[in-house]
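Taking it in order: structure first as structure tokens, then the write-up.
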Amino acid sequence: MNPGRMRSLLAFTLFLLAFTPALANPVGSDKPRPPVAAARDPNNERDIERAVAALLKRMTLEEKVGQLHFPSLAFPHQPQLEAVRRGEIGAMLNVVDPRFIRAFSNAARQSRLGIPMLFAIDAIYALKITFPPPLAWAATWRPELAERAAFEVGREARAVGVNWTFAPMVDVSRDPRWGRVIEGAGEDAFLASAFAAARVNGYRRGGLATSVKHFVGYGAPEGGRDYTGTEISTPELLDRYLPPFVAALQAGSETVMASFNTINGVPVTMNRKLITDLLKKQLGFDGFVTSDFVAIGELVNHGVARDLEEASVLAFRAGIDFDMASGGYDLALAKAVRDGRIKTSEIDEAVRRVLRVKYRLGLFDATPADFAALPRPVDETSVRRSARDVARESFVLVKNDKSALPLTAATPAIALIGAAADTAAHDHSWWGPAGHAKPVTETLRQAIEKRLRPGQTLNYAPAFADACGRKYLDKGAAIAAAIRSDIVVFNVIEDCDVQGEGVSRTKLELSGRQQDMLDALAATGRPIVLVVETGRPLVLAKPDRQADAILIAWHPGTEGRTALAEVLTGEVAPSGKLPMTFPRSEGQIPIAYNTLPTGRPWTGSRYTTGYIDEANTPLYPFGHGLSYTTFAYDPIILSQPAMSTTGSIDVEVMVRNTGSRTGSEVVQLYTRQLVASRSRPIKELRGFEKITLKPGEKRSLRFRLAAQSLGFHDDAGRYVVEAAPFKVFVGGSSDTAVTTDFLITPASARGAPVRSSGSGP
Ligand code: BGC
């Protein structure tokens, strides 16, 4: 079980054990005091700053430090309630029971200054209704769907009284061994930025403050092992890892979470250059920065502090305003002020940031009645509708030989294999709070059965004793079901316990007995459709040789099996594209489409770049995904052949549906700077748009390329846009494209529209 989930469950159990007396005498019946210091206009920043300043003047040192102290819910609660009443706790983590939240809120209001609390959980993609995970949101290539998903999750969390989420996670990663890729938007900074902004907008619209995380570089752990150090050069940090954070801040993320990792040897939790100089000063971030879970205490393990007290001073000096769960600030800050290691003005600055966020959220203006009304029911139908829409568009059809999919009336008997296909038990909310009744969920078997045509049969065999295919139940019956059928749909799933935080893997093939079962099914000679539930790219080289069709279904969530049946039976055409490269073997990792060119490109001879035992190319590239129809691209038309470093060019391309079904295509635009002052990636995503076309229909799309968006950072951290020759590529994947050339010139150079010599695929 991952630590987040363990903490939630622990919190819930301890709550039942320890907090019952407090509930018997509901704190909600205490008379909360009216808020003491509401800003005159909570939307007016000047009013907020005035209110914060006035409040700060009235606070004791202990009350100030209390605003920076952020414990996880832990035993015993009664002392914590007392501490809240003394104004010594600013926020609480993993509290998901509305009665509990009400109790703490009211205790905060009874404190001397009545400063309201933040209640935080990892409301990421699930509370009651489980959405597909964020990596799947990115696979839709429709940020507006991510906005909707985040909104619904935000609304569900807000309805129980939570007001702050530890999301979005925007760590760019090119390493599927790292389990946390499930939480982000994949390997590309441009795509991840679009999704970062959308997610911030969604959670905020749902009523939560956001905490964009993990600042920064956490997605590049050495060896893919969670929590290990990262080595990242300045240009890479600024070009690859930072942009989604900037997008999230521009979208209004109120808070930022610092990451666990070291960067170039210095833990981020004590990294003043990153937290204070880059984030707060250079990027102008004026909300607060929280540490990650017990990360301040972990500075001792990093070998940079002798004890928690020293660690706390280091973290505070670096600019970490909020101490999540290590208790270090509570222990050390007041003392450090008294003995002169930290100035009162520095404490004031951190507290100012926290109070500013609380004012911005309108917490001072919330009346106690808000809490008495909890929990507010959320309309489940609308949440489910959004979950279904996201799932439908997230599935990626990576292979479909001989049009194995969709299943048609022409296949009278369909075998459905895999225990995962007839249960939703493995559909967990991962970091969702405990205490919710499981929502009713249709299984894939039920959803396909509903869609059988007259005369069609479904031969279901679980094969395994468990959803994740660890142990066989009856392999023979599964083979027999395949032999009785015209086509086999095999539902496999990434091992249920190996998703998310703290679960790095060195082996990414199908887990448990699933590959063995696939071998046996392939031996029957029946066409095979493989439905793969996963939270990360897997190594599917062998399944790719065995299956006719492969559908990456991610972890599709509460509505996901219904959406899967819709796609398998052709009611809905698949339209997802991969947000991360699928490697051929683990040895290729890290792997991503936007690699640098090499001095010795692969020619097949020994002294050129490549492996002696594996191809350089991935199994499925970034941006790849098929539909039930086909698309073709006309040559690119540029509005002009050149632009100045401050100008822009319009790139126009006509896309045609050349197949016989309606389908959606994600049109992707990439560029490459051909000559530069440092080696530049062979392709970089610069634009995308998902369109739906009927058979024979065509549509012209226009993307604006601004020269200023095509630059990069140098070693000194300066952003440069160079006059240089470029290529632009447009296509339905990072490896298929029509292309043409353009120039960035020092001075403006205009000309007549140019046509490329490229031709449609
Ligand atoms: C994770 C964070 C998460 C926090 C609170 C940490 O272990 O790294 O992403 O928000 O726990 O659950």
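The values are calculated or read from the model by the stated rules, or taken from the named source; none is laboratory data. Please read these numbers as outputs of a predicted model, since none were measured by experiment. Glycine also receives a Cβ, built like all others from the backbone with ideal geometry; neighbour counts cover every protein chain displayed. The area values use the complete protein model at the heavy-atom level, side chains included, leaving out ligands, DNA and RNA. Shrake-Rupley method; radii C 1.70, N 1.55, O 1.52, S 1.80 Å.
Do we have any residue at all in segment 297-313 that's in contact with a Phe, Trp or Tyr (Cβ under 7 Å, 6 or more places away or on another chain) and away from the ligand (no atom under 16 Å from the Cβ)? For segment 297-313, residues in contact with a Phe, Trp or Tyr (Cβ under 7 Å, 6 or more places away or on another chain) and away from the ligand (no atom under 16 Å from the Cβ): present. So is SER660 at negative phi, assigned to a loop (DSSP other than H, G, I, E, B) and assigned by TED's automatic domain parsing to the domain that holds THR736 or not? Here the answer is yes, as SER660 does meet what is asked. For segment 226-247, the condition of being in contact (Cβ under 8 Å) with a residue 60 or more places away in the chain, in a loop (DSSP other than H, G, I, E, B) and under 20 Å from ALA189 (Cα atoms) holds for at least one residue.
Examine segment 511-533 for a residue that is within 13 Å of ALA136 (Cβ to Cβ) and in contact with a strand residue (DSSP E or B) (Cβ under 7 Å, 6 or more places away or on another chain), and state whether such a residue exists. Yes: one or more hits.
Residue-by-condition table, conditions (1) open to solvent by 30 Å² or more (accessible area, probe 1.4 Å); (2) of a type outside the set (A, V, I, L, M); (3) not in a helix (DSSP H, G or I):
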{"site": "LEU458", "(1), (2), (3)": "no, no, yes"}
{"site": "GLY476", "(1), (2), (3)": "yes, yes, no"}
{"site": "ALA480", "(1), (2), (3)": "yes, no, no"}
{"site": "VAL492", "(1), (2), (3)": "no, no, yes"}
{"site": "LEU508", "(1), (2), (3)": "no, no, yes"}
{"site": "SER511", "(1), (2), (3)": "no, yes, yes"}
{"site": "GLY525", "(1), (2), (3)": "yes, yes, yes"}
{"site": "VAL529", "(1), (2), (3)": "no, no, yes"}
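Each residue in segment 309-333 was checked for being under 18 Å from THR262 (Cα atoms) and assigned to a helix (DSSP H, G or I), and 9 of them qualify. Output the number of residues of segment 615-639 satisfying the condition of being touching a Lys or Arg at 6+ places or on another chain (Cβ under 6 Å) and of a type outside the set (A, V, I, L, M). Summing the residues that are touching a Lys or Arg at 6+ places or on another chain (Cβ under 6 Å) and of a type outside the set (A, V, I, L, M) in segment 615-639 gives 5. Residue count for segment 180-213, restricted to those that are touching a strand residue (DSSP E or B) at 6+ places or on another chain (Cβ under 7 Å) and open to solvent by 10 Å² or more (accessible area, probe 1.4 Å): 2. Output the number of the condition that LEU237 fails; it satisfies all remaining conditions of (1) within 24 Å of LEU68 (Cβ to Cβ); (2) within 19 Å of the chain's Cα centre (by Cα). Against the list (1) within 24 Å of LEU68 (Cβ to Cβ); (2) within 19 Å of the chain's Cα centre (by Cα), LEU237 comes up short only on (1). Per the conditions (1) open to solvent by less than 20 Å² (accessible area, probe 1.4 Å); (2) part of a loop (DSSP other than H, G, I, E, B), the sole criterion not satisfied by SER679 is (1).
Condition check ((1) in contact with a Ser or Thr (Cβ under 6 Å, 6 or more places away or on another chain); (2) at pLDDT 90 or above; (3) open to solvent by less than 10 Å² (accessible area, probe 1.4 Å); (4) over 11 Å from GLY202 (Cβ atoms)) across all residues:
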site: ARG99; (1), (2), (3), (4): no, no, no, yes
site: ARG112; (1), (2), (3), (4): no, yes, no, yes
site: ILE121; (1), (2), (3), (4): no, yes, yes, yes
site: LEU135; (1), (2), (3), (4): no, yes, yes, yes
site: TRP164; (1), (2), (3), (4): no, yes, yes, yes
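Within segment 261-289, the residues that satisfy the criterion of being within 24 Å of TRP178 (Cβ to Cβ) and either of a type in the set (A, V, I, L, M, F, W, C) or open to solvent by 60 Å² or more (accessible area, probe 1.4 Å) (or both) are ILE263, ASN264, VAL266, VAL268, MET270, LEU274, ILE275, LEU278, LEU279, VAL289. The condition (being part of a loop (DSSP other than H, G, I, E, B), at pLDDT below 95 and within 30 Å of ILE124 (Cβ to Cβ)) is satisfied by just one residue among ALA437, ALA410: ALA437. Inspection of segment 580-595 finds a residue satisfying the criterion of being over 21 Å from VAL396 (Cβ atoms), open to solvent by 20 Å² or more (accessible area, probe 1.4 Å) and without any contact (Cβ under 8 Å) to a residue 40 or more places away in the chain.
Among the residues of segment 315-331, the one identified as within 16 Å of the ligand (Cβ to nearest atom), surrounded by fewer than 23 Cβ atoms within 10 Å (Cβ to Cβ) and aliphatic (A, V, I, L, M) is ALA325.
Could you tell me whether MET643 is outside any loop (DSSP other than H, G, I, E, B) and within 16 Å of GLN708 (Cα to Cα)? Yes; evaluated as a whole, the condition is true for this residue.
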